[in-house]
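The structure appears below as structure tokens.
Bear in mind these aren't lab numbers, they're just calculated from the coordinates by the rules spelled out. Remember, it's a predicted structure, so these values are computed and weren't measured experimentally. With ideal geometry, Cβ positions are generated from the backbone for all residues, glycine too; neighbour counts draw on all protein chains shown.
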């Protein structure tokens, strides 16, 4: 998908409007946090995923093993202490 838009004055700032097709394709919502990255002459806009969003992608019946990485070396805290 390739879309164009124009840079506009918004108060004392500048901004762009995202076409409806882009918003729908990325499943964006008003007020959602976006990450802006500049690479060369490109502006990359990405959704910021919360930990809750990321955990929702973990399969329901997945299991993991606790890793023993040796004795405590600093001020680690355990939830059961």
> Going by the conditions given, is residue 55 exposed (fewer than 10 other Cβ atoms within 10 Å of the Cβ) and more than 21 Å from residue 3 (Cα to Cα)?
Replying inline: yes
> Name the residues in the range 22-42 that are assigned to a strand (DSSP E or B) and surrounded by 10 or more Cβ atoms within 10 Å (Cβ to Cβ), would you?
Replying inline: 34, 35
